[in-house]
Structures are given as C-alpha cells and as structure tokens.
Amino acid sequence: MNFDLLHLNVERNKHTDAVFSLLKERKPQLVCLAEVMYKDVLLFSSTFGYEFAFAPLIFLKNNNENDQEGSAILSKYKILEINKHRYDDGESEEVPVLSTGELIMKDGERPKERFLYHYTLLSVLVELSEESKITVSTTHFPVTDHTTPGHVDHELKSLKNIDDVEHSEVYLNRLIEILRSITTPIIFTSDLNNPRGEFFYDSIAHELVDRVPSYLKSSIDPNIHRVKNLELLVDTIMTSPDVNLNSFEVIEGVSDHKGYLASLNI
C-alpha cells in the first residue's frame, strides 16, 4: 500500500501561509511537523480533514503570540493510539514558558534553558488498512555544539560546554531505547539539530534505515534561513527495513528548513 509522508520544520508561525498552500497542493496522507504552533495544527487539521497528535516542546509567550510550540503528526488514516515518550530529564510536567528572545543565542552561547524543554518522541499507530498498521514518530532534538571541520555554526565555543554534549548523549540513549521498544513497522522523522555524518544522527541511522538521499548535503533552506548557505543536513526520515521507499522529493521555499516528501509502502 502506497502513501505519501511530508516532514517539515515550519519555524513557528513565520510561514503558515506557505505551509498551508503546500498541504493544499500536495495532499500528503501523513504529515510530521517540527516547531509548529498548536493553533496552526488545529487550522491544518480542520481545513484538510486530518486526525492529529501534538506534543508541546515549550509555551511561547510574546505580545502577539501565546501558544504551545511543539511537534505534530497529522494523518488521513485512522489513529489507533497516541504515545508521548519524553526522553528529557522529566523534571516537571509543566511546559516551560519562554519568550522568543530566550530561544536565541547570546554572546555565542546557546540558551542553557533548552535542556528544560519537553523533548518527546511523539508516536501514533495508524491503520493503513485492515491488514496493515504502522507507527509514525517524530521529535525535535536539542542542538549540540561540538568542533567539526566545515560546520562552523555548530562549533563548540568553550570546553565548559562539553557538559551539553554529555547531556545530549543521555537524551540520545533514551531516545534510541524508546525506538527499539516499538515493534510495528516504523517511520521516524526529526529535526535532529545535529548533522548527518556525526555521532547523534549516525547513531540513530544505525538503528533504522536512513531514507534521505546521499546526494543531499543540507536540509537548511539557502534563501529563507537566517544564516545563508549552511551545509547542515539535520532533518531526516528513517524507517524500519520493512518500510519501502518509492520516491523522495526535497521541497524548498516553504520554511527555513527544506521539506521532505517521501512516497512509501509496506
């Protein structure tokens, strides 16, 4: 059975009209969104007839925007089960409240508060047919700076930040254990915030089959992202071996990250 899946980091509400138009034009049966506002999930769901699941990362509080930001899965197929597997430190059930200004780098340093966000593997079990079920999962992993030639934007600025690397490794190990516990055919999508060819991305690629074509060198949109021409492939679609890839399309001009549209089948 063939179906289309779209993965896209939508950069909050900055490109809602473009994302809306993309969904209207391409009509994917399954959609995984990162950095999406809950009110936009409601809009996409009600307009295009999707069932959905949502997992908040933070609550964004500004003068003109007060809403949860997180990950979402939208499905034209019946959702049989929703799971929200948190792999952060789980220190609080309260979603952290932040302003936009608290999300950005200051003096070359990433915000330490990012390890208080609710990092969650959101997964849904969907019924493709009476005989066929699949788990669709998505997450937004924390940025982890470390020195890597050619990736200046992700260089470790100070040895004191080695604690961030170790913290992220704990999160990674928890995430992998959750993925290993899923027994159905699985699709995993993510803005991993760490590029292919490095430890975090490749560790998960050892567990699943990386479906992003080898020729693609960056998932950052060269014209929309605030830093131009970044060569960082941080977005992914991976699957268990029993999920087959028919075709893979890269979509630009919709958000600060490129979108992936994959045609798949079991």
query: Residue farthest toward the positive end of the dipole of the chain, with Cβ of Lys/Arg at +1 and Asp/Glu at -1: which of Leu179, Val227, Ile266?
result: Ile266
task: Scan region 91-134 for GluC sites (Glu not before Pro) in coil per DSSP, keeping those whose Cβ has at most 14 other Cβ atoms within 10 Å, and list them by number.
output: Glu91, Glu93, Glu94, Glu130, Glu131
message: Using a 7 Å offset from the Cα along the Cα-to-Cβ direction at both Glu131 and Ser247, what is the distance between the two label points in nm, to one decimal?
response: 2.5
message: Loop only by DSSP, 13 or fewer other Cβ within 10 Å of the Cβ. Give me the chymotrypsin sites (Phe, Trp or Tyr not before Pro) in region 1-83 that pass, ordered by residue number.
response: none
query: If the cut-off is 12 Å between C-alpha atoms, which aspartates and glutamates fall inside it for Lys76, apart from same-chain ones fewer than 8 positions away?
result: Asp4, Glu51, Glu127
field: Student exercise, region 2-265 dipole from Lys, Arg, Asp, Glu Cβ charges, in Debye to nearest 20
entry: 500
- line: Per the 1/(1 + (r/R0)^6) rule, R0 = 25 Å and r from the Cβ atoms of Lys39 and Val97, FRET efficiency to 0.05 is 0.95
- line: Along region 14-22, Karplus-curve 3J(HN,Hα) (6.51, -1.76, 1.60; θ = phi - 60°) to the nearest Hz, with x for Gly and Pro, reads 6, 9, 4, 4, 5, 5, 4, 5, 5
query: Relative contact order for the chain using alpha-carbon pairs under 8 Å, separation at least 6, rounded to a whole percent?
result: 20
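None of the figures in this text is laboratory data; all of them are computed from the coordinates on show. It should be emphasised that the depicted structure is a prediction, and the values quoted were computed from it without experimental measurement. Don't worry about glycine lacking a Cβ; one is built from the backbone with ideal geometry, like all the others, and counts go over all protein chains shown.
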